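S.K.: I am attaching a structure below and will ask some questions about it afterwards.
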Amino acid sequence: MPLAAPPEPKPKPKSAKRRTRERLFRPIEAAHRFWQRVSEGLEAQQLWEQFHSEAHASYELYRKEVDWAPREKERGFVRSLRLTKELFWAVLSKLSPARRVLLLLALGLSFFGALSLTVREMSITIDLRGIGFFVVLLLLGLELADRVTMKRDLEIAREIQHWLVPESPPRVPGLDIAFTTRPANTVAGDYYDAFFRDSGEKRLLLAVADVAGKSVPAAILMATFQAGLHSCAYDREGPLEVAERLNQLACARSLEGRRFTTAFLAELDLETLSLRYVNAGHNPPVLRRASGVWERLERGGLPLGIDPTALYESGAERLAKGDMLFIFTDGLVEAMDTSNAEYGDSRMIEALEALRGESAAGTIRALIERVERFAAGMRQYDDITCLALRVE
């Protein structure tokens, strides 16, 4: 006959003191969980830096709509009143007409406060501020719904962009190649690539480009640049011919030069390590020699998409062991700190000098970290893209 299992010990009853302590701490724990959910675990300093960055970005967006010239001669209360009015209209203009009416209705109801009515000797008070608050919540809900829909579409666009650029650099014996990009928004207008132009893998094409503008329009033009580059890279003799053809394609879609693209195109012969390049209005890349000498690669011409008859010239360099080519977009040197000072070329050169001996990936990673420390949480308004090639 099987033995019966011993009975489970009964839990000890909680003392009155422990029950009281749990009742007291339960609301505190609930408040802590609520705060963690709302703040996503960020510290107070991080939340303040995020708010400050977003507030600064929003102010910069609206201040562009204000005509500051007439206000320069005004002083005191009159100037503040008119600037407030113009900023208000700048905010209002971002809403649809129906939502403008809703916002004005909410502000009007909040201004009147309460409405008292007398019906058959009965006094009824209607709290208009409560109705105004409800209208503001309704307006906020409509705007958030639009933002969520747009964010979902932008996430899809970002995934498509990831398909257009290489996930990892090509592996080339004797070369150390790395690249990275940091979009200022969900989608970017920067482009980078490194691929072989021939089946024998003897000619490596390097490309970094920056489309004028931001967000979706720049991303669309970036996609057309990628398609144009890959379509003409294999049937053109070198980077000069590729740049000329890309310029013709860009001019056909540049809205009379308003949507231009700066680009740096280079071809590296892996047998001789000779580099031919064209700089189409791009920030001059840095060529750091093993001896410590610095060179800037500037030969080229206008940005792509401005003049269909533009002429370009190519430059040539011979790489050697220990040399490093560093290509970047202007978002790197134009990153701003809290006082609106730019990171600048001089700081970039100093950082690259201090990073001598680092790998290509290590150089880019350390440089980006220095830029982030310099910015101190300030929101950046341009994409940052870097490509480094080091001869081992």
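S.K.: Can residue 350 be described as acidic (Asp, Glu), in contact (Cβ under 8 Å) with a residue 24 or more places away in the chain and open to solvent by 80 Å² or more (accessible area, probe 1.4 Å)?
M.R.: Numbers: acidic (Asp, Glu): yes; in contact (Cβ under 8 Å) with a residue 24 or more places away in the chain: no; open to solvent by 80 Å² or more (accessible area, probe 1.4 Å): yes.
The answer is no for residue 350.
S.K.: Residue 107: part of a helix (DSSP H, G or I), at pLDDT 80 or above and either at negative phi or open to solvent by less than 70 Å² (accessible area, probe 1.4 Å) (or both), yes or no? Steps first, answer last, please.
M.R.: Details: part of a helix (DSSP H, G or I): yes; at pLDDT 80 or above: yes; either at negative phi or open to solvent by less than 70 Å² (accessible area, probe 1.4 Å) (or both): yes.
It is true that residue 107 is part of a helix (DSSP H, G or I), at pLDDT 80 or above and either at negative phi or open to solvent by less than 70 Å² (accessible area, probe 1.4 Å) (or both).
S.K.: Regarding residue 126, is this residue more than 20 Å from residue 269 (Cβ to Cβ) and either open to solvent by less than 40 Å² (accessible area, probe 1.4 Å) or assigned to a strand (DSSP E or B) (or both)?
M.R.: Working: more than 20 Å from residue 269 (Cβ to Cβ): yes; either open to solvent by less than 40 Å² (accessible area, probe 1.4 Å) or assigned to a strand (DSSP E or B) (or both): yes.
Considered against the rule, which asks whether it is more than 20 Å from residue 269 (Cβ to Cβ) and either open to solvent by less than 40 Å² (accessible area, probe 1.4 Å) or assigned to a strand (DSSP E or B) (or both), residue 126 comes out as yes.
S.K.: Taking residue 209 and the conditions (1) modelled with pLDDT of 90 or more; (2) open to solvent by less than 30 Å² (accessible area, probe 1.4 Å); (3) touching a Leu at 6+ places or on another chain (Cβ under 7 Å), which numbered condition does it fall short on, given that it satisfies the others?
M.R.: (3)
S.K.: Out of everything in the range 304-346 that is polar (S, T, N, Q) and surrounded by fewer than 13 Cβ atoms within 10 Å (Cβ to Cβ), what residue ends up being modelled with the highest pLDDT? If you could, list the steps in order and put the result at the bottom.
M.R.: Here is the first cut: in the range 304-346, the ones polar (S, T, N, Q) are 309, 314, 329, 338-340, 346.
When the remaining residues are screened for being surrounded by fewer than 13 Cβ atoms within 10 Å (Cβ to Cβ), the result is 309, 339-340, 346.
On the way: 309: 90, 339: 85, 340: 84, 346: 93.
So the residue we want is 346.
S.K.: Filter the range 142-168 down to residues that are open to solvent by less than 40 Å² (accessible area, probe 1.4 Å) and not hydrophobic (A, V, I, L, M, F, W, C) and give me whichever is farthest from the chain's Cα centre (by Cα).
M.R.: Ranking the qualifying residues of the range 142-168, first place goes to 166.
S.K.: Still on this structure, please answer the following. Of all residues in the range 59-77, count the ones that are of a type outside the set (D, E, K, R) and under 15 Å from residue 338 (Cα atoms).
M.R.: First, pick out the residues of the range 59-77 that are of a type outside the set (D, E, K, R): 59, 61-62, 66, 68-70, 76-77.
Restricting the remaining residues to those that are under 15 Å from residue 338 (Cα atoms) gives 59.
Qualifying residue count, the range 59-77: 1.
S.K.: Something else: Anything in the range 373-384 that is loosely packed, with under 15 Cβ neighbours inside 10 Å and not in a loop (DSSP other than H, G, I, E, B)? List them, or say none.
M.R.: Scanning the range 373-384 gives a single hit, 373.
S.K.: Under 9 Å between Cβ atoms, at least 6 apart or on separate chains: pull out the pairs that start in the range 59-81 with a residue that is more than 25 Å from residue 94 (Cα to Cα) and end on any residue that is open to solvent by 90 Å² or more (accessible area, probe 1.4 Å) and not small (Gly, Ala, Ser).
M.R.: Correct list of pairs: 74/82.
S.K.: For residue 349, state whether it is β-branched (Val, Ile, Thr), modelled with pLDDT of 95 or more and either within 21 Å of residue 297 (Cβ to Cβ) or part of a loop (DSSP other than H, G, I, E, B) (or both). Outline the logic, then answer.
M.R.: Working: β-branched (Val, Ile, Thr): yes; modelled with pLDDT of 95 or more: no; either within 21 Å of residue 297 (Cβ to Cβ) or part of a loop (DSSP other than H, G, I, E, B) (or both): yes.
Considered against the rule, which asks whether it is β-branched (Val, Ile, Thr), modelled with pLDDT of 95 or more and either within 21 Å of residue 297 (Cβ to Cβ) or part of a loop (DSSP other than H, G, I, E, B) (or both), residue 349 comes out as no.
S.K.: The conditions are (1) outside any strand (DSSP E or B); (2) surrounded by fewer than 19 Cβ atoms within 10 Å (Cβ to Cβ), and residue 364 fails exactly one of them. Which is it?
M.R.: (2)
S.K.: Mind listing just one residue for me: the one in the range 235-284 that is of a type in the set (Asp, Glu) and crowded, with 18+ Cβ neighbours inside 10 Å and, of those, modelled with the lowest pLDDT?
M.R.: Let us first name the residues in the range 235-284 that are of a type in the set (Asp, Glu), namely 235, 237, 241, 244, 256, 267, 269, 271.
Within this subset, residues satisfying the condition of being crowded, with 18+ Cβ neighbours inside 10 Å are 244, 267.
Working: 244: 92, 267: 95.
By that ranking, first place goes to 244.
S.K.: Enumerate the pairs (first residue in the range 207-219 and on the phi > 0 side of the Ramachandran plot; second residue anywhere and surrounded by fewer than 19 Cβ atoms within 10 Å (Cβ to Cβ)) with beta-carbon separation below 6 Å, excluding pairs fewer than 6 apart on the same chain, so at least 6 apart or on different chains.
M.R.: 215/185
S.K.: Identify all residues within the range 76-100 that are among the polar types (S, T, N, Q) and surrounded by fewer than 12 Cβ atoms within 10 Å (Cβ to Cβ); write none if there are none. Walk me through it before giving the result.
M.R.: Step one: list which residues in the range 76-100 are among the polar types (S, T, N, Q), which gives 80, 84, 93, 96.
Listed by number, the residues that qualify are 84, 93, 96.
The values are calculated or read from the model by the stated rules, or taken from the named source; none is laboratory data. Note that this is a predicted model, so its numbers are computed, not measured. Using ideal geometry, Cβ is built from the backbone for each residue, glycine included, and neighbour counts are taken over all protein chains shown. Areas reflect the complete protein model, heavy atoms only, side chains present, ligands, DNA and RNA absent. Shrake-Rupley method; radii C 1.70, N 1.55, O 1.52, S 1.80 Å.
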